[in-house]
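Notes follow the structure.
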Amino acid sequence: MNASPAFPPSVTAPAQSIEHARFFMVEQQIRTWEVLDPVVLDLLMRVHREDFVPPSHRALAFADLEIPLGHGEVMLAPKVEARMLQALALRSSDTVLEVGTGSGHMTALLASLSRHVYSVEIQPEFTRNAAAALAGSGIGNITLETGDAARGWDKHGPYDVIVLTGSVPVLPAAFARQLKPGGRLLAVCGEAPVMQAQLVTQVGGGACRTVTLFETCIPQLRNAPQPRRFVF
């Protein structure tokens, strides 16, 4: 006689397996990478990451890796998204600029904790795909736009928060100017293999305070300004 199945038949087993995978992602990847904010951890359990992953890579939705999106772009690893979100300490009154919509998952996380997110993506295909995924998630306080925001996007500024989802070798000064007093900018700065996630806070009078959060290495933002090179 065959043993009884571990889960009830049909759709219940996959649903339970997904929730187990989500739980282990939070407990084994994200908590262990110094993300302990209960608001962030709860949000990562509620926003379904798998709904934003390309169908061909959905089995990897909860893996500790960057997921290819096409056009040389990736969906950031779960722990990197979580660490960024924790550092920003979003408020329900915040207006956010996201540079690089990508899959739309980070967009959904930002929107869940803020008043409104303006997300700009250079690839029209990504904008369309993210719009569909976000509509399916029921998150509506988002404006998606297609354009090149690698050097700033003052259309809806100034902003309380700016997030760059791709790295920049040098941080364009325009972003700091587009912050409100007390506003926060999170960017990964540097060149492979040495990059640092930095939190820049506008402290008033045009002055900024910069704190280095952690080391990582992520793909460069398309059309990011390059440092000047000396030629001998």
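The values are calculated or read from the model by the stated rules, or taken from the named source; none is laboratory data. As the structure is a prediction and not an experimental result, all values here were calculated from the model. Quick reminder, even Gly has a Cβ in these numbers, built from the backbone with ideal geometry, and neighbours come from all protein chains shown.
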> If Ser93 satisfies every condition in (1) surrounded by fewer than 17 Cβ atoms within 10 Å (Cβ to Cβ); (2) outside any loop (DSSP other than H, G, I, E, B); (3) of a type outside the set (Phe, Trp, Tyr) but one, which is the exception?
Replying inline: (2)
> What number of residues within region 42-96 are within 19 Å of Ile142 (Cα to Cα), in contact with a strand residue (DSSP E or B) (Cβ under 8 Å, 6 or more places away or on another chain) and among the basic types (Lys, Arg)?
Replying inline: 1
>> When the residues of region 102-157 are narrowed to those that are part of a loop (DSSP other than H, G, I, E, B) and of a type in the set (Lys, Arg), which ends up nearest to Val188 (Cα to Cα)?
In response: Arg151
> Can you tell which of Ala59, Ala89 is on the phi > 0 side of the Ramachandran plot and out of contact with any Gly (no Cβ under 6 Å at 6 or more places or on another chain)?
Replying inline: Ala89
>> Quick check on my filter: what residues within region 190-201 are modelled with pLDDT under 95 and either outside any strand (DSSP E or B) or in contact with a Leu (Cβ under 8 Å, 6 or more places away or on another chain) (or both)?
In response: Ala192, Pro193
> If you scan region 44-84, which residues turn out to be part of a helix (DSSP H, G or I) and crowded, with 17+ Cβ neighbours inside 10 Å?
Replying inline: Leu44, Arg49, Asp51, Phe52, Pro78, Lys79, Val80, Glu81, Ala82, Arg83, Met84
>> Within region 19-76, take every residue that is of a type in the set (Gly, Ala, Ser) and under 22 Å from Glu121 (Cβ atoms) and give me the one that is nearest to the chain's Cα centre (by Cα).
In response: Ala61
>> Looking at region 160-187 only, could you name the residues that are more than 16 Å from Gly100 (Cα to Cα) and of a type in the set (Ser, Thr, Tyr)?
In response: none
>> Filter region 138-165 down to the residues that are out of contact with any strand residue (DSSP E or B) (no Cβ under 6 Å at 6 or more places or on another chain), under 22 Å from Glu125 (Cβ atoms) and surrounded by 18 or more Cβ atoms within 10 Å (Cβ to Cβ) and list them by number.
In response: Ile139, Ala150, Thr165
>> Looking only at region 102-122, filter to residues that are under 17 Å from Ala149 (Cα atoms) and touching a residue at least 60 places away in the same chain (Cβ under 8 Å); which one of those is surrounded by the most Cβ atoms within 10 Å (Cβ to Cβ)?
In response: Gly102
> Checking Ala187 against (1) under 15 Å from the mean Cα position of the chain (by Cα); (2) surrounded by fewer than 21 Cβ atoms within 10 Å (Cβ to Cβ); (3) assigned to a strand (DSSP E or B), which test does it fail?
Replying inline: (2)
